[in-house]
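Quick notes on the structure that follows.
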Amino acid sequence: MSLQLILATTAISLALVFYTIGVFDERKHSLTKRNLILFWTGFVFDTTGTTVMTMMAQEGGSPVLGMHAASGVLAIVLMAAHATWATVTYVRGSERAKERFHTFSIVVWLFWLLPYTMGILQGVPMLHMANLQAGIGSLLVVGVAALIAAISSIQSRKHHLPRR
């Protein structure tokens with residue numbers, strides 16, 4: 001494994017860690033300065049890892065605008081929008097805006113998981129997955145994650161309902 005690949009996969013995996021902690025901590029405790037730091041740190045690691053991967057793909061003659069690359073770029077744009085919106089929402093301090101932010105936060109996180117899992121599925125040599133197979137596999141993984149998040153959200157709301 002090349003040093004570039006180790007750097008890229010480490011950066012993108014750190015993005016997963018920081019971004020995931022930020023999203024789920026925000027869902028549990030509302031939006032805080034800590035979440036902003038986690039969102040922006042995840043964004044920086046993801047951008048770094050994606051940049052290194054893109055340079056490797058260009059050096060290797062791989063198509064840069066495949067399904068994985070296109071969804072990865074869109075995920076970075078969404079992460080930037082998400083972190084920016086989180087910052088604006090936090091600075092304004094509106095509790096109602098913070099509550100609405102939860103939904104956008106989980107949607108961006110789920111979308112971000114698509115290129116992440118697609119890259120893993122394509123990158124593991126034993127799996128021999130082509131672009132389309134990895135795309136379908138990542139949709140299944142994200143679908144399961146979305147289902148778990150939805151069930152968790154429903155259970156959380158049930159626990160916070162006033163008793164009659």
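The values are calculated or read from the model by the stated rules, or taken from the named source; none is laboratory data. This structure is a prediction, so every number in the text was calculated from the model and none was measured. In this analysis, Cβ positions are derived from the backbone assuming ideal geometry, glycine residues included, and neighbour counts consider all displayed protein chains.
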| message | Out of LYS98, LYS28, LYS33, I need the residue that is among the basic types (Lys, Arg), touching a Leu at 6+ places or on another chain (Cβ under 9 Å) and within 30 Å of ILE151 (Cβ to Cβ). Which one? | response | LYS98
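Do the conditions hold for THR103, that is, is it touching a residue at least 40 places away in the same chain (Cβ under 8 Å), under 18 Å from ALA149 (Cα atoms) and either polar (S, T, N, Q) or not in a helix (DSSP H, G or I) (or both)?
Details: touching a residue at least 40 places away in the same chain (Cβ under 8 Å): no; under 18 Å from ALA149 (Cα atoms): yes; either polar (S, T, N, Q) or not in a helix (DSSP H, G or I) (or both): yes.
Answer is no for this residue.
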| query | Just a yes or no: is a residue in region 114-136 at pLDDT below 90 and aromatic (Phe, Trp, Tyr)? | reply | no
| task | Take region 17-36 and flag every residue that is buried (at least 18 other Cβ atoms within 10 Å of the Cβ) and part of a helix (DSSP H, G or I). | result | PHE18, TYR19, GLY22, VAL23, GLU26, ARG27, ASN35, LEU36
| said: Which condition from (1) under 15 Å from the mean Cα position of the chain (by Cα); (2) crowded, with 16+ Cβ neighbours inside 10 Å; (3) of a type outside the set (S, T, N, Q) is the one that ALA81 breaks? | reply: (2)
| query | Residues of region 56-73 being surrounded by 13 or more Cβ atoms within 10 Å (Cβ to Cβ) and assigned to a helix (DSSP H, G or I), which ones? | reply | MET56, ALA57, MET67, HIS68, ALA69, SER71, GLY72, VAL73
| query | Out of all the residues in region 40-52, is one or more loosely packed, with under 15 Cβ neighbours inside 10 Å and more than 17 Å from ILE21 (Cα to Cα)? | reply | yes
